[in-house]
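Step one of this worksheet: look at the structure below.
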Amino acid sequence: MPTAFITGITGQDGSYLAELLLAKGYLVYGLIRRSSTFNTARIDHLYQDPHVKDYRLRLVYGDLNDGARLHALLAEIKPDEIYNLAAQAHVQVSFEMPEGTGQTDALGVTRLLESVRAVCPAARFYQAGSSEMFGSSPAPQNEDTTLLPRSPYAIAKLYAHHMTRNYREAYGMFAVSGILFNHESPRRGATFVTRKITRAVAAIKAGAQDKLFLGNLDARRDWGFAPEYVEGMWRMLQATTPRDYVLATGEVHSVREFVERAFARAGLDWQQHVEIDPRYLRPTEVDVLQGDASRAAKDLGWKAQTRFHELADLMVDADLQAQQQGRGEFEVVTRHFT
Ligand code: NAP
Ligand code: G4F
């Protein structure tokens, strides 16, 4: 049974990746942080699945800022594959806490890579790189595009991206960085723009909220569906040769277009409800991200399937349903291991 170690398993991508790997028969270890309240809502359903009765999902405490713990865990688990998804992943927050973001998103990756090198150098390592690293480079962007990051988050990710490449070249490790464009889902964190919009649409439809305050509506992004992107991560680690890959849809839309589509899906007029609040404007913005994923298509047979309008609709529908059923932040999960 192959063994995987996932950092960031409580996050959007970590939860979908855990599902995918468990379905493929992996033994999955997930790194979680101790929290004063439970923060495992995205993965709790995995324990209700009959296929987890054999305890193929194991959660272990740790933190990317605790190198000794990472070292001890990897020495004990000796995973075949490591997916480093843990990060302070919010761009705007990174302007408020640049040092903390750098500790986790940059140096945290070095801590992990050093532990891998010391105790399980044959393990395959995936680093969650980001299209934010392209920053102000003109679109469309691919693996050869110049990286011109525009936030502390993107700069930390850039450091981690180069460290991953350096461990590959210096030590011959199978270490790759996936350069993923924005990917969303009903499990997306509530403060990222798509989910902020779809949750507000549901609350407004229910009469529980009237206004939605947003920042820059002109920013353009390449939004895909998260479950498809974790499949791409897995494929990168199954490849014969370690390489970095862009994953993207190639389609680009503005925040305004997402707002229009989401409100229309619920039969609402967005102009009645959306207001601009300068608090959500960033000191430096990334105007347009549009990916060219042709290398992933050619080498990995990976292609995004879900289109922009389908994504907006499925997120709105999930939040409308959650609102109607008085449920919490995440959807009822209907997907199972087999
Ligand atoms: P997310 O939902 O915000 O999840 C982040 C995860 O990282 C959570 O499990 C969080 O744990 C964990 N974490 C944060 N700081 C940590 C630390 N110091 N030690 C250990 N764990 C820590 O993010 P996501 O959307 O799933 O993204 C996954 C990864 O892909 C991130 O690295 C992100 O930067 C990158 N990425 C995301 C996208 C996207 O569009 N989603 C695109 C490109 C790259 P808690 O639950 O305890 O907070
Ligand atoms: O949803 P966002 O916060 O995502 P952003 O900044 O593009 O970053 C996400 O994608 C990256 C990959 O490209 C990941 F690496 C990163 O971890 C994260 O997952 O913002 C999208 C756009 C921005 O231009 C932002 O300025 O929406 C704009 N926006 C407008 N009003 C807003 C808001 N963003 C947020 N979060 N909240 C607003 O009220």
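The values are calculated or read from the model by the stated rules, or taken from the named source; none is laboratory data. Source: prediction; values computed, not measured. Neighbour counts run over all protein chains shown; Cβ positions are idealised from the backbone, glycine included.
This table checks each residue for (1) of a type in the set (A, V, I, L, M, F, W, C); (2) crowded, with 21+ Cβ neighbours inside 10 Å; (3) more than 30 Å from ALA4 (Cβ to Cβ); (4) away from ligand 2 (no atom under 14 Å from the Cβ).
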{"residue": "GLY224", "(1), (2), (3), (4)": "no, yes, no, no"}
{"residue": "PRO227", "(1), (2), (3), (4)": "no, no, no, yes"}
{"residue": "VAL246", "(1), (2), (3), (4)": "yes, yes, no, no"}
{"residue": "VAL252", "(1), (2), (3), (4)": "yes, no, yes, no"}
{"residue": "GLU257", "(1), (2), (3), (4)": "no, no, yes, no"}
{"residue": "ASP269", "(1), (2), (3), (4)": "no, no, yes, yes"}
{"residue": "HIS273", "(1), (2), (3), (4)": "no, no, yes, no"}
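Quick check on ASN84: is it near ligand 1 (Cβ under 10 Å from one of its atoms), over 22 Å from GLU132 (Cα atoms) and either in contact with a strand residue (DSSP E or B) (Cβ under 7 Å, 6 or more places away or on another chain) or at pLDDT 95 or above (or both)? No, not satisfied. Test LEU64 against the stated conditions and say whether it is out of contact with any Phe, Trp or Tyr (no Cβ under 9 Å at 6 or more places or on another chain) and within 17 Å of GLN127 (Cβ to Cβ). Considered against the rule, which asks whether it is out of contact with any Phe, Trp or Tyr (no Cβ under 9 Å at 6 or more places or on another chain) and within 17 Å of GLN127 (Cβ to Cβ), LEU64 comes out as yes.
For region 294-321, residues that are among the hydrophobic types (A, V, I, L, M, F, W, C), under 27 Å from ALA190 (Cβ atoms) and either within 20 Å of the chain's Cα centre (by Cα) or at pLDDT below 95 (or both) total 8.
In this structure, does ASP292 turn out to be within 16 Å of ligand 1 (Cβ to nearest atom), out of contact with any Asp or Glu (no Cβ under 7 Å at 6 or more places or on another chain) and acidic (Asp, Glu)? Answer is yes for this residue.
Counting only helices (runs of 4 or more DSSP H) that sit completely within region 144-259, those holding 3 or more residues that are more than 12 Å from ligand 1 (Cβ to nearest atom) and farther than 22 Å from GLN305 by Cβ correspond to 152-171, 193-205. Of the residues that sit in region 54-79 and are exposed (fewer than 15 other Cβ atoms within 10 Å of the Cβ) and acidic (Asp, Glu), which one is nearest to LEU22 (Cα to Cα)? Only one residue fits best here, namely ASP54. Within region 263-286, one or more residues are within 16 Å of ligand 1 (Cβ to nearest atom) and over 15 Å from LYS196 (Cβ atoms).
Taking region 271-286, which residues are part of a helix (DSSP H, G or I) and in contact (Cβ under 8 Å) with a residue 12 or more places away in the chain? Of everything in region 271-286, those that are part of a helix (DSSP H, G or I) and in contact (Cβ under 8 Å) with a residue 12 or more places away in the chain turn out to be PRO278, ARG279, TYR280.
In region 65-75, the qualifying residues are those that are part of a helix (DSSP H, G or I) and in contact (Cβ under 8 Å) with a residue 40 or more places away in the chain, and the one that is nearest to ligand 2 (Cβ to nearest atom) is LEU70. For PHE181, which of the numbered conditions (1) over 19 Å from the mean Cα position of the chain (by Cα); (2) within 16 Å of ligand 2 (Cβ to nearest atom) fails to hold? The single condition PHE181 does not satisfy is (1).
Does region 165-173 contain any residue that is within 16 Å of ligand 2 (Cβ to nearest atom) and either in contact (Cβ under 8 Å) with a residue 60 or more places away in the chain or within 18 Å of the chain's Cα centre (by Cα) (or both)?
No.
Scanning region 184-222 for residues that are of a type outside the set (Gly, Ala, Ser), over 30 Å from GLU81 (Cβ atoms) and either more than 10 Å from ligand 2 (Cβ to nearest atom) or modelled with pLDDT under 95 (or both) turns up THR198, ARG199, VAL201, ILE204, LYS205, GLN209, ASP210, LYS211. If you go through region 260-270 and keep only what is in a helix (DSSP H, G or I) and either basic (Lys, Arg) or free of Cβ contacts under 8 Å to residues at least 60 places away in the same chain (or both), you end up with GLU260, ARG261, ALA264, ARG265, TRP270.
Residues being modelled with pLDDT of 95 or more, small (Gly, Ala, Ser) and within 16 Å of ligand 2 (Cβ to nearest atom) are represented in region 105-126 by at least one member.
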